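No value in this document is a laboratory result; all are computed from the given coordinates. Keep in mind the model is a prediction, meaning the values are calculated, not measured. Every residue, glycine as well, gets a Cβ built from its backbone with ideal geometry; the counts of neighbours run over all protein chains shown.
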Amino acid sequence: MATIKYLLQSKSSTAPIYLRLSLNRNKSIKRKTGAVCDARVWSDATGFPKTKDTSHKELKSNLMKLESFVIDQFNKDNSKGVLIDGNWLQLMIDKFHGREEPNELEYLIEYGEHFVQRLPFRITKSGKKGVSKDTITKYTTIVKKLKGFQAHKEKRFLIKEVDLNFRSEFLEYLIQIEKINDNTAGRYISFVKTIILDARKNGIEVSVQINDFTGFTVEPPKVTFSFEEIEKIKNTEFENDNYNIARDWFVIGCFVGQRASDLFRMNQKMIENIDDLNFIVLTQVKTGELVQIPIHEEVQQILDKRDGEFPPKFAINIDSCTTMYNRYIKQVCKIAEIDEVVEGNLNNPETNRYETGMYPKWMLASSHDCRRSFATNFYAQREYPTPLLMSVTGHKTETMFLNYIGKKPIDYAMQLARIWAKKAKKESIQEGSLKLTYLKPVSNS
């Protein structure tokens with residue numbers, strides 16, 4: 001049975017009176033009542049002021065009424081399965097004093113659900129209505145994780161309580177309890193901040209620490225396949241037809257530069273002929289951007305051998321298709337002897353977490369590698385300007401593109417220096433040739 005006791009925590013003449021609600025032997029919650037008392041007239045034994053004068057008698061009477069009110073509300077709410085925590089106790093004290101209750105949207109979970117419900121009608125920076133299904137899925141997942149965290153803490157969080165301490169505890173929960181890898185946990189923190197900033201825009205009080213509530217990324221090792229490795233895989237034949245299909249999707253992926261969500265949607269209807277040149281034209285699922293992808297001869301060869309069709313899909317559902325592809329492509333690369341030992345992240349089935357280490361490249365092969373291989377391989381070719389490659393991959397800025405392939409802006413300076421050095425060398429050779437042309441023959445006389 002729940003019990004209540006009042007206590008002071010200071011020896012001041014105006015010490016705040018705390019209400020401690022003990023739910024059982026191991027759990028109690030405590031909040032200020034809003035009343036104060038001179039510590040000299042307080043009885044620790046009774047948990048009330050000594051009733052020597054009228055004001056003390058009145059204070060004791062009010063505290064007893066508050067106790068009765070809280071116990072009564074506890075019995076009602078506990079029987080309904082309501083979460084009894086510090087927020088609940090504060091709400092009961094506020095109710096007793098006639099203070100206004102927090103709006104439902106001032107609570108973290110409720111606002112998070114409200115945020116997700118409004119995503120299909122959100123106006124993006126580009127002026128478009130709505131967001132991608134992937135974005136809705138991400139924020140739905142975030143709200144689910146926040147619900148799990150709230151249940152773990154046995155506390156109903158207000159928006160204004162999302163501060164740096166919340167960040168630390170939520171991060172610990174994600175990594176230690178949910179077993180989420182550091183990179184994903186860091187992104188989840190960023191998503192929570194987005195929800196809180198949206199609440200602030202709508203006039204809801206937030207913590208003064210919210211600007212410092214930042215996410216983070218742990219850059220994973222980047223796995224790419226060179227043109228030579230792609231050629232080796234392309235020329236390998238397999239008895240298992242699923243491996244042949246995965247091989248063809250791999251080659252296509254390395255020459256169209258798209259995410260799996262777009263790669264495995266490709267079909268003959270997306271091919272358009274413009275000025276006697278063939279293109280794959282599609283709207284990217286993640287960004288909503290329309291991209292026009294020139295069909296490389298390597299892709300055309302696969303289409304030709306399949307009578308103009310793309311390879312069969314492993315499943316109608318894109319996520320299922322990607323999962324099956326990732327399983328097959330590892331075996332494809334293994335049989336093709338793509339076994340260079342490189343740094344990468346591999347899932348440990350015992351901990352269900354990705355661990356960085358040195359592994360044969362075939363073990364690391366996945367759908368993510370196709371787009372990055374396209375960007376990396378063609379970036380290395382001087383005749384392909386970065387903006388041209390970005391128009392295919394869909395990267396918004398060169399900084400994003402360079403980070404994606406693991407290059408730094410300084411690489412541009414190096415490229416320019418090499419071009420100038422080559423040009424200077426060429427001009428020097430030409431100048432030397434001209435000088436030789438005008439040399440007069442030596443007379444023998």
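When every Cα-Cα distance of the chain is counted in 20 angstrom steps from zero, the calculated P(r) takes the values 18, 37, 24, 15, 5, 1, 0 percent. When only Cα pairs below 8 angstrom with a gap of at least 6 residues are kept, the chain shows a relative contact order of 10 percent.
Put in order of Cβ neighbour count within 10 Å, fewest first, the listed residues I271, I233 become I271, I233.
Restricting the stretch 140-176 to GluC sites (Glu not before Pro) that sit in a DSSP loop and have at most 15 other Cβ atoms within 10 Å of their own Cβ leaves E154.
Checked against a 22 Å cut-off, the cross-linked pairs K125/K147; K11/K57; K5/K65; K133/K396 give Cα-Cα distances beyond that limit for K125/K147. Placing +1 on the Cβ of every Lys and Arg and -1 on the Cβ of every Asp and Glu, with nothing else charged, gives the stretch 3-96 a dipole about its Cα centre of roughly 200 debye. Can you give the log10 of the normalised intensity I(q)/I(0) at q = 0.15, 0.16 Å⁻¹, computed with Debye over equal Cα scatterers of the stretch 3-96? The computed values of log10 I(q)/I(0) come out as -0.57, -0.65. Structural descriptor for the stretch 3-96: relative contact order 22 percent, calculated from alpha carbon pairs under 8 angstrom and at least 6 residues apart. In the stretch 204-295, Cα pairs under 8 Å separated by at least six residues give a relative contact order of 15 percent. Given +1 at the Cβ of Lys and Arg, -1 at the Cβ of Asp and Glu and no other charges, the dipole of the chain around its Cα centre is 1760 debye to the nearest 20.
Neighbour counts of C-beta atoms inside 10 Å place E237, E67, E178 in the sequence E237, E178, E67, starting with the fewest. Rounded to two decimals, the Cα-based Rg/Rh of the stretch 108-221, with Kirkwood Rh, is 0.96. Semi-axis lengths, largest first, of the ellipsoid equivalent to the stretch 168-306 are 42, 22, 12 Å, with √(5λ) applied to each eigenvalue of the Cα gyration tensor. Overall, the ratio between the Cα radius of gyration of the stretch 227-405 and 2.2 N^0.38 Å, rounded to two decimals, is 1.03. To test your reading of the geometry: what angle, between 0 and 90 degrees and rounded to tens, separates the Cα axis of helix 368-379 from the longest principal axis of the chain? The answer is roughly 50 degrees.
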